[in-house]
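**Student:** Attaching a single structure in structure tokens format; questions to follow.
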Amino acid sequence: MILIVDSGATKSDWIALDEKGNQIFMTQTLGLSPEVLTREVIEDRLANNFELAKNREKVTHLYFYGAGCGTDRMKVFLKSIFGEFFPNAKADVKEDTYAAIYATTKIGEQGIVCILGTGSNCSYYDGHQLFQKVTALGYILMDDGSGNFFGRKLLRDYYYHKMPQDLGIKFNKEYNLDADHIKEHLYKQPNPNTYLATFARFIIENKEHPYCKGVIEKGLQQFVNNNIMQFELATKVPVHFVGSIAHFLEEELTQVLERNDLIKGVVHRRPIEGLVKFHQSTI
């Protein structure tokens, strides 16, 4: 059995294939980002999934593409956990950028591939190799244009009284904005980046409001400036996107790309379907 996993900070999509490439099952767990989760939390999320626990000894190959897997230390950390949970599997761990590449481009095609979901990332693919100009430093310092980026902006503006009153009243009705509640989730609970990203739904649902329009435009432009424009060929090759923010704000994203003379490529909410096709072609 082959397991293919696309793991973001919020959730992980798992698809199992047999030796001929036929799908056996599909399941989902919470995100397994090694940068923000302990070994115990990751082990619990695996063990609490019925399909994974039931089939753990049948897995022979595990292809894991995950947020926070860009360093050797994080790859070794996850491989150790997978080695115990899937005792008969050979695990291959790559950062989630590779999932985005396999889902949006073909071997031999050049392009810039971006992730705009709970977090954000950007890479150049020359058709064979992946290149990055910016070293990601996580949700506190980077992740421009991401879900947690917009969530952080909304909370800051609300507490600094910079959010328009009509929108602030609505925001307060939809979320628990008690300061102690917020600080509990940010500093004591796991996945603070995912918690921040939950507020991005509000800006998407209210994207026609002038305030939200401005925040979205500035956030996406900041992502373009700090990530895409780092590459010399930025305006010469298609720019592809995966992630929920890119999906739900595709119209706004398209406008920002056009204004910067960038070539819009494909936009996928989730790369798992493309990942499966890629691995099926290699069986």
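**Student:** Any chance you could give the angle, 0 to 90 degrees and rounded to 10, that helix 272-282 forms with the longest Cα principal axis of the chain?
**Tutor:** 30
**Student:** Based on the alpha-carbon gyration tensor of the chain and its eigenvalue square roots a ≥ b ≥ c, which shape applies: rounded if a/c is under 1.5, prolate if not and a/b is larger than b/c, or oblate?
**Tutor:** Here the chain falls in the oblate category.
**Student:** Pop out the ³J(HN,Hα) list for the stretch 63-69 in order, Karplus 6.51 cos²θ - 1.76 cosθ + 1.60 with θ = phi - 60°, rounded to Hz; leave Gly and Pro as x.
**Tutor:** Each residue's phi maps through the Karplus curve to give 10, 10, 10, x, 5, x, 10 Hz.
**Student:** Can you give the angle from 0 to 90° between the axis of helix 165-174 and the longest principal axis of the chain, with both taken from C-alpha atoms, to the nearest 10?
**Tutor:** 30
**Student:** Turning to a different aspect of this structure: If you put +1 on each Lys and Arg Cβ and -1 on each Asp and Glu Cβ, how big is the dipole of the stretch 144-209 around its Cα centre, in Debye rounded to 20?
**Tutor:** Computed charge dipole of the stretch 144-209: roughly 120 debye.
**Student:** Now for a separate question. Which order do the peptides 70-77, 91-98 come out in when sorted by mean C-beta neighbours inside 10 angstrom, highest first?
**Tutor:** Result, highest mean Cβ count within 10 Å first: 91-98, 70-77.
**Student:** Provide Thr10, Thr198 in ascending order of the number of other Cβ atoms located within 10 Å of each residue's Cβ, fewest first.
**Tutor:** By the 10 Å Cβ count, ascending: Thr198, Thr10.
**Student:** What number, rounded to the nearest 500 deg cm²/dmol, is the helix-based mean residue ellipticity at 222 nm of the chain, given -39500 (n - 2.57) per DSSP H run of at least four residues and division by all its residues?
**Tutor:** -13000 deg cm²/dmol
**Student:** Also: What does the charge count around Gln23 come to, taking other residues whose C-beta lies under 14 Å from its C-beta (Lys +1, Arg +1, Asp -1, Glu -1)?
**Tutor:** Net local charge, Gln23 excluded: -3.
Quick note: the coordinates plus some simple rules give every number you see, no bench work behind them. Model, not experiment: these values are computed from the prediction. Don't worry about glycine lacking a Cβ; one is built from the backbone with ideal geometry, like all the others, and counts go over all protein chains shown.
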